[in-house]
Amino acid sequence: MKHIALMALAALPLTACMAEEPLATDAEDTCGMAAYSDLVGTNVAAVTLPADAQIRVLKQGQPMTLEFLAERLNIETDDDGVILRLFCG
């Protein structure tokens, strides 16, 4: 009986790491990134984006807030502003 209690206590910290909601993956395209996929490889300064959309432009390796918004499009650029990838969140 002691072993079962100890095993339950050992697993307790692992439950804190589990997400309450399943996170969207890029394959789910919850932010509409497929419509912008042709922008990869172009300079972000030459791109016109809708003002009312939830879009965040980040440089590669730049710190970002960790709140996950499935409908937000993230555009990652290199130091020269060339779009490297798109992802939701």
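Listed values, structure above:
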read-out: Neighbours by Cβ (under 7 Å, 6+ apart or cross-chain): first from the range 32-55, over 16 Å from CYS88 (Cα atoms); second part of a helix (DSSP H, G or I); value: VAL47/LEU39
read-out: Some residue of the range 16-37 being of a type in the set (D, E, K, R), exposed (fewer than 10 other Cβ atoms within 10 Å of the Cβ) and modelled with pLDDT of 55 or more; value: no
read-out: Enumeration of residues in the range 24-69 that are among the β-branched types (Val, Ile, Thr) and not in a helix (DSSP H, G or I); value: THR25, THR30, VAL40, THR42, VAL47, THR48, ILE55, VAL57, THR65
read-out: Residue under evaluation LEU66, criteria (1) over 19 Å from the mean Cα position of the chain (by Cα); (2) of a type outside the set (Ser, Thr, Tyr); (3) loosely packed, with under 11 Cβ neighbours inside 10 Å, criterion not met; value: (1)
read-out: Subset of the range 46-59 (residues that are at pLDDT 95 or above and surrounded by fewer than 13 Cβ atoms within 10 Å (Cβ to Cβ)); value: ALA46
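The values are calculated or read from the model by the stated rules, or taken from the named source; none is laboratory data. Because the structure is predicted, anything quoted here is derived from the model rather than measured. Quick reminder, even Gly has a Cβ in these numbers, built from the backbone with ideal geometry, and neighbours come from all protein chains shown.
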